[in-house]
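S.K.: Below: one structure in structure tokens.
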Amino acid sequence: MHTSSRPLHHHPFQWNQHPSLSSPSSRLSFPNYSVSTLLISSNPLPTLHSAAVKTTATKVLAMAKRSFPTKDNDFASSADLQFESPLKIVEYPDPRLRAKNKPIDKFDDNLKKLVDEMFDVMYKTEGIGLAAPQVGINVQLMVFNPVGERGEGEEIVLINPRVSKHSQKTTLFNEGCLSFPGLYADVQRPESVKIDANDIRGSRFTVTLSGLPARVFQHEFDHLQGILFFEKMTDEELDKIRDGLQGLETKYEKSTGLPRPEKIETRKRSKTGVGFGKS
Ligand SMILES: [Zn+2]
């Protein structure tokens, strides 16, 4: 995710709305991390055959079934996690932004290297969050640092994240996206979310995010479901970036020699035609 070029530190809206963000590092140090809340604690991604699952309650088994693939071949393979450095940002309408993102069950050095490279490209492009499909790797991985500066704030790595709760209260925020260079528009989202995810070592943890971290998380979480930020906009907001979206579609055709895999034009027609759409 991107914010406008104005530095976060001087963004009056954020200060007024989220005074707690004045200390991003304390906010993001996951003080809520509580082992007792973890249904799947140190076992990163138990399969149905693992000892941990056998010895725990049926509830956990049900949850494992619901939350994680039960077939090993649903997890990302080594080939899925192969990358070339430096990573390059994939721009709309590249189909990799819409592909299925596989969960990760190998927490190895290759994964650490990928995470490092993702932070590198995120800082270089002045982003504050980045999801793996945005660098062409279709796996359940996101990185973010709401401060957007190396060495400041906190670097967050979330693998196989899920949302367990979100606030009824929503806020409006001007979002940008590294896969949509130069395009910004307001998006309404819940103010806070309770999530769980694996960390880089594979441990499962739970945390509640609010304010900007919650905003960045939800934007990146959408990427992991193949959802792009313009789909969360009102029609009025979407109209503001419609030309820009078409510009990116044309750029895609010119640079790849392929027809655009999706069209914002078509989307609008079907939305008005049928009378519903993702909002
Ligand atoms: Zn994005």
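The numbers here are math on the coordinates, done by the rules we state, and not lab data. Fair warning: this is a prediction, and the values are worked out from it, not measured in the lab. Glycine gets a Cβ as well: all are built from the backbone with ideal geometry, and neighbour counts include every protein chain shown.
S.K.: Mind ordering 191-200, 80-89 by average Cβ neighbours within 10 Å, highest first?
M.R.: Details: 191-200: 19.2, 80-89: 14.2.
Top of the packing list down: 191-200, 80-89.
S.K.: What size of dipole, in debye to the nearest 20, comes out for the stretch 108-200 about its Cα centre when the only charges are +1 on Lys and Arg C-beta atoms and -1 on Asp and Glu C-beta atoms? Numbers along the way, then the final one.
M.R.: Working: 9 positive and 15 negative charges, 88 e Å.
For this selection, approximately 420 debye.
S.K.: Could you give the length gained by full extension between E154 and N110, i.e. 0.36 nm per residue of separation minus their alpha carbon distance, to one decimal place? Intermediate values should be presented prior to the final figure.
M.R.: Details: separation 44, 0.36 × 44 = 15.84 nm, distance 2.16 nm.
Extra length from E154 to N110 when fully extended: 13.7 nm.
S.K.: If you don't mind, there's one more thing I want to ask. Report the extension gain between T250 and Q225 in nm, rounded to one decimal, defined as 0.36 nm multiplied by the number of residues separating them, less their alpha carbon distance. Intermediate values should be presented prior to the final figure.
M.R.: Details: separation 25, 0.36 × 25 = 9.00 nm, distance 2.47 nm.
Full-extension gain reported as 6.5 nm.
S.K.: Between T125 and D235, what is the spin-label point distance in nm, taking each point 7 Å from the Cα along the Cα→C-beta axis?
M.R.: Rounded to a tenth, the inter-label distance reads 3.1 nm.
S.K.: Here is a follow-up. Roughly how many debye, to the nearest 20, is the charge dipole of the stretch 144-279 about its Cα centre, given +1 on each Lys and Arg Cβ, -1 on each Asp and Glu Cβ, and no other charges? Working shown, then result.
M.R.: Working: 21 positive and 21 negative charges, 99 e Å.
Dipole magnitude for the stretch 144-279 comes out near 480 debye.
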